Amino acid sequence: MKYPESVTVKNIEAAFAGESMAYIKYMYFAKMCRAVGDEASAIAFESTATQEVQHAFGHLDLLYPKAEMTPVRCLEMAIEGETYEYTEMYPNFRHAAVEEGNHAAVAEMDEQIEESKEHAAYFQSILDKAAKRFAALARVEEKHANHYRAALAQITA
């Protein structure tokens, strides 16, 4: 969507976050139920979680229309998100945990900072490889185009 200041966009983002959280939470609940032998409840949570993730995908279709998305754009957005996580989000969360003396949360935030750095670097490496492949392909295509131009020049001469 092109209107990030829009109330509707903010609502769709909040709905996406809620549906995504419900999916993870229900999968966690299913795991807890299964651990104590309650298979029926586990299945109910997993079934509902599947529906929640479909709702989240519907919201993403509105936020990121398929016609506007490319693999490059997806990678750029992933790098941006992971970079935000390790440069701003988790360091701020870590600071609050330190202030509160919550050592377990500090350790979790440190782990997340490192993983977010790894994720950003991984996505960047994929983007870099794609750029190299595209450059190589462009050179091959230029060679073919030049060949066709020469052939056409001979025919029309």
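A few comments on the model shown:
Residues checked against (1) of a type in the set (S, T, N, Q); (2) exposed (fewer than 14 other Cβ atoms within 10 Å of the Cβ); (3) outside any helix (DSSP H, G or I); (4) touching a strand residue (DSSP E or B) at 6+ places or on another chain (Cβ under 9 Å):
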residue: H95; (1), (2), (3), (4): no, yes, no, no
residue: E111; (1), (2), (3), (4): no, yes, no, no
residue: E115; (1), (2), (3), (4): no, no, no, no
residue: Q124; (1), (2), (3), (4): yes, no, no, no
residue: K129; (1), (2), (3), (4): no, yes, no, no
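- Close pairs from segment 56-75: first within 27 Å of S125 (Cβ to Cβ), partner of a type in the set (G, A, S), Cβ under 9 Å, at least 6 apart: P71/A130; V72/A130; V72/A131; L75/A130
- The set of residues in segment 2-55 that are aromatic (F, W, Y), in a helix (DSSP H, G or I) and loosely packed, with under 14 Cβ neighbours inside 10 Å contains only Y28.
- Residues in segment 14-23 that are in contact (Cβ under 8 Å) with a residue 12 or more places away in the chain, aliphatic (A, V, I, L, M) and closer than 20 Å to A42 by Cβ: A22 alone.
- Residue count for segment 63-95, restricted to those that are out of contact with any helix residue (DSSP H, G or I) (no Cβ under 6 Å at 6 or more places or on another chain) and of a type in the set (D, E): 4
Bear in mind that the values in this text are calculations on the coordinates, not laboratory data. Remember, it's a predicted structure, so these values are computed and weren't measured experimentally. Reconstructed Cβ throughout: ideal geometry from the backbone, glycine too, with neighbour counts over all protein chains shown.
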